[in-house]
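Note sheet for the following structure.
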Amino acid sequence: MKKYVGIELIKYPKLASKPTGGWPLDGSIISTDAGNGTIKAFVSENGVMRSVNFPHLRVRSTGVNTIASFDGVSLLGATYMIWQDVRYIVGEGALKIAEYNPEVFQDSSDRYGSEHHISMVILSMALLGINPKNKLTLIVPAPPGLLNAGLKAKIISSFMTGEYGGNDGKWSIQVDEEPRITYEIGKVVVLPEGIGSYSAFRWDQAGTVVPVIGADGHDVLGGWAQVIDLGYGTADSIKIVGGDLSPESLMQSTDEQGGLKFKVVRPILDEIKSRTSSKSITAPHIELWMREWIQSGFPGDFSVRIGQSSVNIGAAFYRLMEEYANWVDRDIIIPALNKGANSIIQAGGGWVICDLQISRKYKGKVEIVSPMNYKHTQPVRLWDMNAVGQLNFAAATIRQHRT
Amino acid sequence: MARRKKSRSPNGQGLFPAISVTFDLSDPDEFRAFEMAQQLATPHGRRKHAIISFLLAIYDLQIQTGQEFNADTMSAQFITERLLSMSSTQLPSSPVQLIAIRNDSRTSMEETAKNLLNSIGNVF
C-alpha cells in the first residue's frame with residue numbers, strides 16, 4: 001500500500017473463512033463513515049480488508065508549488081488534494097502548517113451530501129487505491145435521528161449528480177503529484193448509523209453469522225440489544241430486538257450534542273480561550289490533542305504549547321472523561337435498561353474514554369458488549385465498528401440474495 | 001440561656017414536611033391499618049413509599065373527579081369504591097392467567113440475522 005503523510009492506512013489479516021460460493025465482496029463496495037471528527041472508508045476484496053482514516057477537515061492551500069514532494073513524502077508534512085480546481089491540505093498535518101482556518105463542516109445535518117462530504121469520500125477512495133475501472137457502490141451512514149426520507153434522498157442525489165451535474169455519479173480528484181483519477185458511483189446505500197456496529201458483531205467479512213455469546217451462555221444479540229454509538233459529534237442509542245429494528249425509536253435515537261465535541265472538546269476550548277490570548281486554537285486542535293492524550297494512556301500531566309505558553313490540559317481531560325462516562329450512564333444506559341434492554345452494544349470512539357468506568361459498574365449485572373471480547377471483532381477498533389459492520393451487512397445481504 | 005423554640009406549623013396547617021402517626025390499637029379500623037403498616041415495614045423505608053403512593057393516588061383521584069377531598073369526606077370505603085369504579089372492568093373474583101410469560105424469549109442468532117436483513121431489504 002502507498003503511504004501518505006498524516007493519513008492512516010491499514011491492511012487487515014483475513015478475518016473470515018471463504019464461504020461456499022466465493023467471497024461476496026469484490027472491492028466494488030466502499031463502506032464510508034464520515035463522522036464529525038474523522039472520515040473512514042473500508043473496502044474488502046476476496047476476504048482482505050483495507051481501511052483509511054484521517055481528520056474530517058481540509059485547509060485551502062495558497063499557490064500551486066507551496067508543497068514540494070520528495071520521494072513521495074511531503075517536505076512540509078502533509079498530503080494535499082486538488083478537488084474541483086482548488087488545492088487543499090488534508091490529513092493530520094493540515095492543522096500544523098495551514099495558513100487558513102480549517103474547513104470542518106460539523107454539527108449540521110446539511111453536511112450530509114454536501115460538497116465537503118463528497119470531497120472527503122472521494123479522497124478516501126483515492127487514498128485507498130480503489131480501482132477506477134469498477135462502477136462503485138457507496139455505503140453512507142447518517143445519524144438515525146436525522147435520517148428522514150428527505151435527507152436520505154438528498155445524500156443519494158448529491159453523490160449521483162457528479163461533478164458536472166450530469167447525474168452520472170462521476171467525480172475526479174488528484175492526490176499529491178499522482179495522476180488525476182475519475183471514479184464512477186453506480187449506487188449509494190444510506191444506512192442509519194448503528195446498523196453497522198450491530199452487524200460487525202452479527203456477521204463476519206464473509207457474511208457468515210457468528211455467535212456472540214455472553215457471560216450467561218446466550219447470544220447477546222438475541223434479546224433487546226441497545227446499540228450505543230458514541231461519536232465525536234452525536235450520541236446514538238438504537239434499539240434492536242431480536243434483530244428487528246424499531247422504526248419508532250430511530251427518530252428519537254440521536255442526541256445531536258451527545259458526542260465528545262460537546263462534552264469534552266468544547267469545555268476545554270472555552271477554558272483555554274478564556275484564560276489565554278490565543279485566537280487561533282480551534283476545536284480540531286483540541287480534538288487532535290485529545291487523541292494524542294488517549295494514545296499516551298490518559299496521563300494526568302499533558303502539556304501543549306499555545307503561543308508562548310505551555311498549557312497542561314491532562315487533568316481537565318481526565319475530569320471531563322469521568323463526567324462523560326457519568327452522563328452516558330445516566331442519560332443513555334440507565335433509561336435503556338429501565339425500558340428493558342438486555343445488553344449494551346459498544347460502538348464509537350467515545351467508548352474509549354468511558355468503557356472502563358461503565359464496564360466496571362455493570363460487571364456481572366448487565367452485558368456490556370465490547371469488540372475486544374470476541375475473536376471476529378477484536379482487530380476492529382471501536383470507532384471503526386460502524387464502517388466495518390456495514391461491509392459485513394453488505395456481504396450478508398449479497399449472500400442472502402444469491403441465486 | 002436561650003431556649004430553642006419548637007418548630008410548629010401555625011394552626012396545624014401541615015406545613016412541616018414530616019408526619020408522625022400513632023395508631024389507636026383499641027380501634028378495630030386503626031388496628032387493621034397498623035397491621036398493614038407492619039406488613040409494609042420491611043424492608044426499611046417501604047412505609048414512607050406506601051404513604052406517599054397513597055397520597056398521590058388521592059391527589060390524582062381529586063384531579064380526575066374534580067371533587068375536592070377533606071377529612072370529612074374521606075373514608076376507606078369511599079376511597080376503595082372510587083378506585084374500583086375507575087377500573088374499566090371488575091376485578092376477577094379468582095386469579096385468571098391472562099398473560100403468558102415465557103422466561104427464555106431470546107431469538108436465535110440465525111433469526112436475528114434474518115430479521116435485520118429483512119428489515120433493511122435487498123439494498124445492494
Which residue out of A:358, A:334 is buried (at least 20 other Cβ atoms within 10 Å of the Cβ) and either in the same structural domain as residue A:219 (by TED's automatic domain parsing) or in a loop (DSSP other than H, G, I, E, B) (or both)?
A:358
With the structure loaded, tell me whether residue A:164 is without any contact (Cβ under 8 Å) to a residue 40 or more places away in the chain, aromatic (Phe, Trp, Tyr), more than 30 Å from residue A:13 (Cβ to Cβ) and surrounded by fewer than 22 Cβ atoms within 10 Å (Cβ to Cβ) or whether it fails that test.
yes
Against the conditions (1) under 21 Å from the mean Cα position of the chain (by Cα); (2) in a loop (DSSP other than H, G, I, E, B), where does residue A:206 fall short? Just the number, please.
(1)
Looking at the range A:240-324, what helices (runs of 4 or more DSSP H) fall wholly within it and have at least 3 residues that are of a type in the set (A, V, I, L, M) and either in contact with a Leu (Cβ under 8 Å, 6 or more places away or on another chain) or at pLDDT 90 or above (or both)?
A:283-295
Is there any pair linking a residue in the range A:141-154 that is assigned by TED's automatic domain parsing to the domain that holds residue A:118 to one that is charged (D, E, K, R) and in a helix (DSSP H, G or I), with Cβ under 8 Å and at least six apart or on different chains, and which?
A:142/A:152
Flag if residue B:34 is at pLDDT 80 or above, assigned to a helix (DSSP H, G or I) and hydrophobic (A, V, I, L, M, F, W, C)
yes
Can you tell me which residue in the range A:189-224 is nearest to residue A:373 (Cα to Cα), limited to those that are more than 10 Å from chain B (Cβ to nearest Cβ) and among the aliphatic types (A, V, I, L, M)?
A:215
Given (1) away from chain B (no Cβ under 14 Å); (2) surrounded by 18 or more Cβ atoms within 10 Å (Cβ to Cβ); (3) in a loop (DSSP other than H, G, I, E, B), where does residue A:229 come up short, assuming only one miss?
(3)
Give the residues of the range A:1-28 that are more than 23 Å from residue A:378 (Cα to Cα), polar (S, T, N, Q) and in a loop (DSSP other than H, G, I, E, B), sorted by residue number.
A:20
Given (1) in contact with a Pro (Cβ under 8 Å, 6 or more places away or on another chain); (2) surrounded by 15 or more Cβ atoms within 10 Å (Cβ to Cβ); (3) more than 14 Å from chain B (Cβ to nearest Cβ), where does residue A:250 come up short, assuming only one miss?
(3)
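Kindly provide the set of residues from the range A:201-231 that are of a type in the set (Val, Ile, Thr) and farther than 30 Å from residue A:262 by Cβ, ordered by number. Walk me through it before giving the result.
Keep residues of the range A:201-231 that are of a type in the set (Val, Ile, Thr), which gives A:208-210, A:212-213, A:220, A:227-228.
Across the range A:201-231, the qualifying residues are A:208, A:209, A:210, A:212, A:213.
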Check residue A:385 against each of (1) buried (at least 24 other Cβ atoms within 10 Å of the Cβ); (2) touching a Pro at 6+ places or on another chain (Cβ under 8 Å); (3) over 23 Å from residue A:219 (Cβ atoms); (4) of a type outside the set (S, T, N, Q) and name the one condition it does not meet.
(3)
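The values are calculated or read from the model by the stated rules, or taken from the named source; none is laboratory data. Quantities reported herein were computed from a predicted structural model and do not represent experimental measurements. Counting neighbours? That spans all protein chains shown, and the Cβs are built from the backbone with ideal geometry, glycine included.
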